[in-house]
1. Starting from the Cα of B:R39, step 7 Å along the direction of its Cβ; do the same at A:T77; then give the gap between the two resulting points in nm.
2. Quickly rank A:142-155, A:277-290, A:382-395 as a protection proxy: mean count of other C-beta atoms within 10 Å, highest first.
3. Can you bin region A:99-188 into rounded, prolate or oblate? Criterion: square roots of the alpha carbon gyration tensor eigenvalues sorted a ≥ b ≥ c, rounded for a/c under 1.5, prolate for a/b above b/c, oblate for the rest.
4. Calculate how large, on average over all directions, the projected area of the Cα convex hull of region A:358-399 is; give the answer in nm² to one decimal.
5. Going Cα to Cα from B:K111, which aspartates and glutamates come in below 16 Å? Please leave out same-chain ones fewer than 8 positions away.
6. Going by Cα centres, region A:173-205 and region B:124-140 are how many Å apart?
7. Give the residue from A:T114, A:L323, A:I281 lying farthest towards the positive end of the charge dipole for region A:32-398; charges sit on Cβ (+1 for Lys and Arg, -1 for Asp and Glu) and the dipole is referred to the Cα centre.
8. Where in region A:160-188 does the label zone of A:L206 land, with the point 7 angstrom along Cα→C-beta and an amide N cut-off under 17 Å?
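Each reported figure results from applying straightforward, stated rules to the coordinates on display, with no laboratory input. All values derive from a computational prediction rather than experimental measurement. Note that we place each Cβ from the backbone using ideal geometry, even for glycine, and neighbour counts take in every protein chain shown.
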Amino acid sequence: MLRWIFALLWIVIAQPARSGGDFGDWQISGFGTIAGAFSDDDSIALTRGALNKPGGGRIDLGPDSIIGFQLNIPVATRADFTLQIRAGEDDKGHVEPTVGWAFLRQTWTPSLSTRIGRMRVPFFMLSDSLQVNYSNPWVRPPPEVYGLNPFNDLDGVDLLYHLDIAGADVEVRPYIGRGRVEFAENGSAQISNTKGLNLSVYIGHLSLHAGHGESRFALQWGDAQFKQLDAALRFFGYENVSRQLAGRDGYIRFDTLGFQWDDGKWLVSGEYMKRRASRYIASNHAWFASLGYRVGDWTPYVTVARQFLDAPMTETVIAVPGLAEGVRAFNVSRNDAQHSTAIGVRWDFARSMALKGEYSRNRIEKDAWGTFFPTSFADPFALGGKTVHLYTLSLDWVF
Amino acid sequence: MRWTMSLIIGLAIATIAQAAPSDLAIVSGKSSPAVEISREQAERLFLGRLDALPDGAVVNPVDLPPGPVRDQFYLHLTGKNPNQIRAYWSRLVFAGRAVPPKQAQSVAEVKSLVNKFNDLIGYIPISDVDNSVRVLLRIE
């Protein structure tokens with residue numbers, strides 16, 4: 001993927017009529033966040049959907065800090081190339097640049113354009129700008145909802161079609177593609193044959209969003225807990241259970257409904273999301289509701305969110321006592337169900353910079369790990385039912 | 001003392017004048033194909049949700065530098081304050097949806113650019129409108 005992105009970029013750059021010429025200028029922009037999260041409980045660590053390495057210290061800069069650069073290059077009268085490189089903490093605790101966007105856009109008519117290349121997986125309402133914290137009131141999008149999709153990238157094609165229906169701007173966006181992701185402890189997952197349709201409606205201050213996406217799905221766990229469990233399951237003849245935990249034959253569906261209202265004073269938003277997985281991960285639904293009010297450069301806000309477990313990875317009854325416990329522990333460690341209430345304030349103290357402070361009370365459901373990781377694996381059931389108080393301070397900017 | 005008073009009054013007037021600039025006009029060059037645009041079209045053009053008029057003519061907006069005139073323009077045209085506009089654009093730009101308007105350095109440069117490039121439109125205070133530009137829409 002990277003190779004052809006750079007090949008494409010080289011072709012674009014090597015064009016004789018390039019910058020400032022017939023098609024306009026290159027534009028460089030960027031965004032970033034430096035954020036520290038602090039919890040009152042040092043037996044757990046916050047993770048961003050296990051995509052970053054869970055922190056060991058009490059103040060963790062890993063989950064939310066990120067930096068990104070973006071380049072937009074016009075390549076023809078109605079065609080342009082967008083490249084976004086971003087760097088945040090990855091699953092191994094390293095900060096290495098990755099390609100976020102790399103697509104060629106062709107605008108065919110004022111209301112129709114297509115994009116080909118690397119885009120973000122658009123399963124949720126805020127997926128496209130998920131890591132651009134400056135564009136959101138909060139320190140991070142509600143993890144109960146946004147943690148349900150671990151995938152970032154979609155290598156494929158989408159089509160954006162705008163139409164005007166009774167004064168409302170309606171956007172129809174079908175897409176196809178594939179993607180992969182690596183996560184904590186040498187795990188990785190792939191989506192292929194991914195297809196979906198998003199519908200957005202903009203009416204004045206209100207925007208509405210509905211989306212459906214589905215995909216073939218493969219997943220490999222790399223952690224010691226899985227390897228031991230997998231070996232034990234096979235030893236006792238439970239290959240069928242083993243095949244529910246990891247493999248290449250999964251199918252996954254995402255459905256979402258959301259809205260945003262911003263009249264300059266009030267900021268109201270909410271989203272409902274349902275994830276159905278045939279195997280390898282749990283099936284869940286989740287929602288959030290958020291209310292903010294702008295007073296000059298200050299925006300206090302409150303957000304409530306909840307994720308529910310609909311079905312664990314496997315529900316097969318295991319007759320071997322120790323093994324049954326192992327499968328239960330495995331289900332628990334992959335169950336993110338929790339609910340939280342966050343209150344915070346955003347301060348737009350300078351042009352293109354915002355400082356945010358947030359306190360959240362997170363209640364992990366029984367038999368779950370929520371959006372947290374234990375710092376010691378001695379008791380996998382210790383997180384269930386815990387209440388975690390989390391404090392986050394975040395500085396966001398764009399240029 | 002009198003001198004100090006005059007300075008204070010002068011500064012106060014200057015501040016008021018800066019806080020409330022005169023009405024604005026969206027303008028194009030004299031030979032531009034755009035003759036007039038509706039308020040709704042103008043809003044979508046300047047918010048990056050439209051890049052051509054119904055007849056197919058491509059239109060690219062140009063911004064003034066950050067400041068009271070630009071803030072007033074967006075507030076009156078789109079109802080969004082400067083913080084909202086920046087958050088809005090950050091979402092659009094980094095979602096790979098649109099590129100923000102190019103920025104002119106001054107009202108004089110807007111007038112010169114719209115005449116140099118037929119597809120450009122800009123906004124300037126009504127008081128700066130002269131024979132070199134065509135008014136497409138008045139923003140009050």
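1. Label-label distance for B:R39 and A:T77, simple model: 3.3 nm.
2. A:142-155, A:277-290, A:382-395
3. The shape class here is oblate.
4. Working: hull surface 16.0 nm².
That works out to 4.0 nm², a quarter of the Cα hull's surface.
5. B:D63, B:D119, B:D128, B:D130
6. Result: 45 Å between the Cα centres.
7. Of the listed residues, the answer is A:T114.
8. It comes to A:165-171, nothing else.
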